[in-house]
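Engineer: Before anything else, here's the structure in question.
The values are calculated or read from the model by the stated rules, or taken from the named source; none is laboratory data. Values in this document were obtained by computation on a predicted structure and should not be read as measured data. Glycine also receives a Cβ, built like all others from the backbone with ideal geometry; neighbour counts cover every protein chain displayed.
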Amino acid sequence: MRDFIPPLFLKMYLNITTKYGFFANYSNWEEAKKASTGYDSDLILNKVRDSLLKIKAHEAVYERDSILFDKIEYSWPLLTGLMWIAANEDGKLNLIDFGGSLGSSYYQNRLFLQTLKEVKWNIVEQKHFVECGKKYFEDDTLKFYKSIEECLRTQTPSTMILSGVIQYIEKPYELIDYIIKKNFKYLIFDRTTFNKRNVDKLVVQKINPTIFSASYPCWFLNKNKFAQMFDNKYVLINEFKSFENSEDRNSPLFNGFIFILKQVYKEG
């Protein structure tokens, strides 16, 4: 479960041209991988690190894909879900942000999170992101781990967030099944790509090199299949559209979901 593409790649779909965006329909992961150039992970890591250090120091307001902005673009359904969970948990929030980069979502929502009694934001990432996170960003609130299991040895998170990451996993449904078996009280998926038809579709995503030069496999998931995986254990609290949705016919649907464990829902 450790080797996944960082979710910060997902946000480049607005203003898709014929040259950049999502292409073809591949029969398997290896075929799509061969058609991809990959990415310079060190370059991306360093760019994100430098930008987020400015956010951390309050020298800039908002970072997305290592680019700095003067205004925060919130995912309001995600933030609402986090505050709802905290309200259910006596003003406390303890979560795993799977594929959470160096804390982009945490810093994005920091203004609201600091009003809570307690926040423990645990990021599960690739090794080089974890090493960088521990060196430059880790504190009493923000922690970094190389796997879900490593995190669970020292933390007791009620919540798992997967924002713009599941579609870059080679076997996304296996990861979902693994997460469901962990019995987190709450699950939040945001910026997840779904096919406009209810079948899985495997494409290659090409990034505009003005951001960084990269291309890699990406799933447009079957939304019905995805949703049915949670039926036995979870109640769907809300399904929402993510802000990346595009009118481009080649673009997928970007959706989010908030789930609560059935046992917790009944007790509440």
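Engineer: So which of Tyr186, Tyr178 is among the hydroxyl-bearing types (Ser, Thr, Tyr) and surrounded by 17 or more Cβ atoms within 10 Å (Cβ to Cβ)?
Structural biologist: Details: Tyr178 fails: surrounded by 17 or more Cβ atoms within 10 Å (Cβ to Cβ).
Exactly one residue qualifies, and that residue is Tyr186.
Engineer: Condition test on Asn198, is it out of contact with any strand residue (DSSP E or B) (no Cβ under 7 Å at 6 or more places or on another chain) and modelled with pLDDT under 95?
Structural biologist: On the way: out of contact with any strand residue (DSSP E or B) (no Cβ under 7 Å at 6 or more places or on another chain): yes; modelled with pLDDT under 95: yes.
In short, yes.
Engineer: If we scan region 70-79, do we find a residue that is touching a Lys or Arg at 6+ places or on another chain (Cβ under 6 Å), among the basic types (Lys, Arg) and surrounded by fewer than 22 Cβ atoms within 10 Å (Cβ to Cβ)? Before the answer, list the steps.
Structural biologist: First, the residues of region 70-79 that are touching a Lys or Arg at 6+ places or on another chain (Cβ under 6 Å): none.
No: region 70-79 contains no residue that is touching a Lys or Arg at 6+ places or on another chain (Cβ under 6 Å), among the basic types (Lys, Arg) and surrounded by fewer than 22 Cβ atoms within 10 Å (Cβ to Cβ).
Engineer: Would you please list the contacts, defined by Cβ atoms under 6 Å and residues six or more apart or on different chains, that run from a residue in region 65-91 that is free of Cβ contacts under 8 Å to residues at least 24 places away in the same chain to a residue that is buried (at least 19 other Cβ atoms within 10 Å of the Cβ) and assigned to a loop (DSSP other than H, G, I, E, B)?
Structural biologist: none
Engineer: Output the residues belonging to region 229-251 that are modelled with pLDDT of 95 or more and either over 30 Å from Glu30 (Cβ atoms) or under 16 Å from the mean Cα position of the chain (by Cα) (or both).
Structural biologist: To start, the set of residues in region 229-251 that are modelled with pLDDT of 95 or more comprises 229-240.
Matches in region 229-251: Asp231, Asn232, Lys233, Tyr234, Val235, Leu236, Ile237, Asn238, Glu239, Phe240.
Engineer: Then there's this: I want to confirm something. Restricting to region 17-42 and keeping residues that are assigned to a loop (DSSP other than H, G, I, E, B), under 23 Å from the mean Cα position of the chain (by Cα) and not polar (S, T, N, Q), which single residue is surrounded by the most Cβ atoms within 10 Å (Cβ to Cβ)?
Structural biologist: Selected residue: Tyr20.
Engineer: Cβ-Cβ distance below 7 Å, separation of 6 or more or different chains: which pairs start in region 173-197 with a residue that is closer than 16 Å to Cys218 by Cα and in a loop (DSSP other than H, G, I, E, B) and end on one that is modelled with pLDDT of 95 or more and of a type outside the set (Val, Ile, Thr)?
Structural biologist: Here the result reads Asn195/Lys201; Asn195/Phe220; Asn195/Leu221; Asn195/Asn222, each pair linking region 173-197 to a residue that is modelled with pLDDT of 95 or more and of a type outside the set (Val, Ile, Thr).
Engineer: A further question on this structure: Can you tell me which of Phe254, Phe259, Phe226 is of a type outside the set (Lys, Arg), modelled with pLDDT of 95 or more and part of a strand (DSSP E or B)? Steps first, answer last, please.
Structural biologist: Values: Phe254 fails: modelled with pLDDT of 95 or more; Phe226 fails: part of a strand (DSSP E or B).
Matching residue, one of Phe254, Phe259, Phe226: Phe259.
Engineer: Taking the condition within 20 Å of Leu142 (Cα to Cα) and hydroxyl-bearing (Ser, Thr, Tyr), does Ser66 pass? Steps first, answer last, please.
Structural biologist: Numbers: within 20 Å of Leu142 (Cα to Cα): yes; hydroxyl-bearing (Ser, Thr, Tyr): yes.
Criteria met by Ser66.
Engineer: Where residues in region 89-111 are assigned to a helix (DSSP H, G or I) and surrounded by 15 or more Cβ atoms within 10 Å (Cβ to Cβ), which of them is farthest from the chain's Cα centre (by Cα)? Write out each step before concluding.
Structural biologist: Start the filter on region 89-111 by keeping residues that are assigned to a helix (DSSP H, G or I), which leaves 104-108, 110-111.
With the extra rule that they be surrounded by 15 or more Cβ atoms within 10 Å (Cβ to Cβ), the set shrinks to 104-108, 110.
Working: Ser104: 10, Ser105: 9, Tyr106: 12, Tyr107: 14, Gln108: 13, Arg110: 17 Å.
Taking the candidates together, the pick is Arg110.
Engineer: Same structure again: Under 21 Å from Phe184 (Cβ atoms) and at pLDDT 95 or above: does that describe Thr80? Quick ask: steps written out before the conclusion?
Structural biologist: Values: under 21 Å from Phe184 (Cβ atoms): yes; at pLDDT 95 or above: yes.
So Thr80 passes the test.
Engineer: Do we have Gly133 as among the small types (Gly, Ala, Ser), over 30 Å from Gln205 (Cβ atoms) and modelled with pLDDT of 95 or more here? Lay out the reasoning, then the answer.
Structural biologist: Details: among the small types (Gly, Ala, Ser): yes; over 30 Å from Gln205 (Cβ atoms): no; modelled with pLDDT of 95 or more: yes.
No, not satisfied.
Engineer: Filter region 131-171 for residues that are farther than 14 Å from Asp97 by Cβ, of a type in the set (A, V, I, L, M, F, W, C) and in a loop (DSSP other than H, G, I, E, B) and give the result.
Structural biologist: Selection gives Ile169 alone.
Engineer: So the check is Cβ under 6 Å with 6+ separation or different chains; which pairs have a first residue in region 120-149 that's within 23 Å of Ile85 (Cβ to Cβ) and a second one that's crowded, with 21+ Cβ neighbours inside 10 Å and acidic (Asp, Glu)?
Structural biologist: So the pair list comes out as Ile123/Asp97.
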